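Worksheet: one structure, shown below.
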Amino acid sequence: MTDISPKKGNRLTIYIIIALIAGIILGFWLNKGYVHTENESIAKNTAAISAIQKQLNNIIDTNSISYKVLAAEKGKLTATKDLAIVKRDDLLEPFSILADIFLRLIKMIVAPLVFTTLVVGVAKLGDIKAVGRIGGKTLLWFFAGSFVSLFIGMLLVNFFKPGEAMHLPLPDVTTDVGVKTNSLSLREFLYHMFPSSLFDAMARNEILQIVVFALFFGVATAAIGKKGEIVIQAMDAIAHVILKITGYVMNFAPFAVFGAMAAVIAKQGLGILQTYSIFIIEFYLGLLILLCILLLAGSFFIKGRVLTLMQRIREPVIIAFSTTSSEAAFPKTLLELERFGCNEKIVSFVLPLGYSFNLAGSMMYMTFGTLFIAQCYGIHLGTATQITILMVLMLTSKGVAGVPRAALVVIAGTLVTFKLPEAGLALLFGIDPLLDMGRAAMNVIGNSIATAVVSKWEDALEE
């Protein structure tokens, strides 16, 4: 692939870590000084709005003068709060724009890279039997990994019961949380899976739709014989060009990491870690347990090389953690897996599929978050109901890669399906960026181990 020396890669990793630390330090300073007035205003008005809402809930007659006075006061406080948020965002825009530009550049690359690499991977496999064999092994690993991730989340949230321990004030059930909360039926999922237009799917970065078209295109390319070799060569050349572009884009990663961390800490502050410390610690403990299970499963097939693999992908993991986007790490992960010894055809086939079917970190968060919200409202869910939620999430979580705040969107749909309070999503908003870092990094690790294992199964892993 692209000619990026290990020495240069090591330097980039060091620069990213330095940028990460510098961003946290600057963000803390900004939070305490530069946007302190705005943060204070937002916190003060949020508390006042919550207090007024409680009074409104106790008034039965909505036409009474006291109700109208309180409603008007709530409207004024909401407007003041919104103005403070806008002002704070404007002040922090120079920092957040660095991360936004980087993510836009990555999104520019991901769709054509997934398409070209998957077409080449499928076409080079030779025939539909090979595609079916490798695809079957890949999906078997993906669904097993998804079930384990969801099950760990369910076990931990039942063991720790973070919703009961935190004693947080609950939002009003009529609160508009700003996330689409329509439940996803089987029909809607199938419509979402199959593209009506490849160009529309690429424009919206619908990874699952691109994968479906690429599978058809790759199999058809292999089926037409020698004429298809021209297409394979062209797609392979395009993939190399895109990976070269990736090398240029990745040089911007330290600036993006710096800006992203500075903006997040400036807005949330380190105090958010104290408020939700129980939930955050337990979730990251869950990620650690999931990591250990993935490493054990990987070592069963590739032995001690799983540790070498972890060393190889440290840079993509840091990028995913810092930018809260596993997509941002996709191009670099592709390169490192090939350097590790995975067959190029297997990598080109398995890794793009993983971004639709194997989001290990996000899967665990979905059960963790859904059951946490139920606990916060004091809603008891039986074992059978929880298992049903787990199986629904197995379906609805597929194909959400590239969707903004995808895990929250899936949780929202699950809440509607099981008639749980949708407004509970507001409890996760404040800490979601911090949790998103961990689950994005785990997505990269899960997909990398899956690719290495499938390569081993196919006797295509070089020593």
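Nothing in this text is a laboratory measurement; each read-out follows from the coordinates by a stated rule. Note that the coordinates shown come from a computational prediction; the quantities given were computed from them, not determined experimentally. Note that we place each Cβ from the backbone using ideal geometry, even for glycine, and neighbour counts take in every protein chain shown.
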By average C-beta atoms within 10 angstrom, highest first, the peptides 79-86, 94-101: 94-101, 79-86
With Cα atoms, 0 to 90° folded angle of helix 253-268 axis to the chain main axis: 20 degrees
Between segment 229-245 and segment 40-105, the Cα center-to-center distance that results, in Å: 50 Å
Sequence ranges 299-305, 130-136, 107-113, ranked by mean other-Cβ count within 10 angstrom, highest first: 107-113, 130-136, 299-305
Percentage relative contact order, segment 6-457, counting C-alpha pairs under 8 Å, at least six apart: 30 percent
Burial ordering of Val114, Val120, fewest other beta-carbon atoms within 10 Å first: Val120, Val114
Test item: Cα-centred dipole of the chain, Lys/Arg +1 and Asp/Glu -1 on Cβ, debye: 400 debye
Dimensionless Rg over Rh [the chain; C-alpha; Kirkwood]: 1.00
3J(HN,Hα) from dihedral phi, segment 326-341, Karplus parametrisation 6.51/-1.76/1.60, rounded to Hz, x for glycine, proline: 6, 4, 4, 8, 4, x, 5, 4, 4, 5, 5, 5, 5, 5, 5, x
Crossing angle, helix 226-250 versus the chain [Cα axis fit, 0-90 degrees, rounded to tens]: 50 degrees
The chain: angle of helix 277-302 to the longest principal axis, Cα-based, in degrees nearest 10: 10 degrees
